[in-house]
Amino acid sequence: MDQVTFRSDTVLSDVHLLFPNARHLMTRLNAVGQPVFISRFNILRDSEGAGEAGDGASTADAGDDPGDDAGAVRGGEEEAQRGRRKERGTQISASLDEDGDLDVMRRPTNPTAQEPGVATRHAICPIVLTQGGGAPADAEEEEEPGEGEELRADVLIIEHTMATPMEDVGKQPILFQGATVLELGAGTGITSIVAATLAKRVYCTDVGQDLLSMCQRNVTLNRHLLDPADKVRIRELDWLGDEFSTETGTEFSWTEEEVADLHDNATLLLAADVCYDDELTNAFFRTIYRLTSHFRHPSTIYLSIEKRLNFTLRHMDVSCEAYDHFCRCLDDLGDMADGRTRFTVERVAPQFPQFFYYERIEQLELWKVTASPL
């Protein structure tokens, strides 16, 4: 299921890139026919040795001892996976041609040239043999998370797709204690769910019915971590629009009470890896300005961004155009003098406890923006 051809305007799932060779259980197909997978994340508690995340350093690399707890966690998971494969008698083998070379199945360049009876699908999705009528054989061996097993308080369960089309696409825990939080561009909702373990209320926002439905599903999967269980509200927030969607009868629309609660009580805004397109980046910063201008209290915005390195024909060199545009927008926000709100911008050094194992890239940055009403 992981062998798939992607288009150039596709954003790959961080989960699949972090564990490219891991077994991802496909649970269902979403409304547009994409496979939906489920993965679990262990929360590294203080007693388990939450590491210090340095510049580009992962939890496993934080200490000099290669046998630190975070490495042991991942090593234990990999060992458990090997054990499960051995118990089931699974053999991993490559297909070789008559000369002993690796035989790679290639996608036909002409869809009409496929074998008769083989369904064609858009290149962004893998071919799924059954839809609605059955699941892959491996999936039948595992139960739905939460059924027949005890839910652990240190395990986060997240549904995600393998990739997302481009168009769809905290420093200290005490900051979240009892706070009203807004996440922009939530994606799977994992950031909102983690924030909700401490916050009073979290508004988890994005656009698209299917994406918001997956967020709602992930909140339901992790209700054992939330008290009360309804503290996360999944709502639509389109950066290209000027108003909250308050249409009555729409599943993810806002109520007037929720809009008032956000304006009166929100103090923290979160956004993770949402600036990769200049137009959307502009819309994102306009949304930040519009929202904070209506907040009653000073607010803090935490932005994480990946410096995506791309070779461009225009520069004939490796550049980070999306990141450069993001930095220009940050500078413009910090220099703004509208007489209503003062913005201060600073980059946060990643010298704080890390509670999730993540080592995909080194080019990750965390920025802090403070909005203070004048």
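The values are calculated or read from the model by the stated rules, or taken from the named source; none is laboratory data. This is a predicted model, so every value here is computed, not measured. Cβ: placed from backbone, ideal geometry, glycine included. Neighbour counts: every protein chain shown. For accessibility, only protein heavy atoms count, side chains too; no ligands or nucleic acids. Shrake-Rupley method; radii C 1.70, N 1.55, O 1.52, S 1.80 Å.
Here are a few things to note about the model shown:
- Selection of region 214-263 for residues being polar (S, T, N, Q) and not in a loop (DSSP other than H, G, I, E, B) yields 216, 218, 220.
- Selection of strands (runs of 3 or more DSSP E) fully inside region 286-374 by the criterion of at least 1 residues being open to solvent by 60 Å² or more (accessible area, probe 1.4 Å), modelled with pLDDT under 90 and out of contact with any Lys or Arg (no Cβ under 6 Å at 6 or more places or on another chain) returns 310-312, 317-319, 364-373.
- Complete set of residues in region 230-245 that are more than 20 Å from the chain's Cα centre (by Cα) and open to solvent by 60 Å² or more (accessible area, probe 1.4 Å): 230, 240, 242, 243
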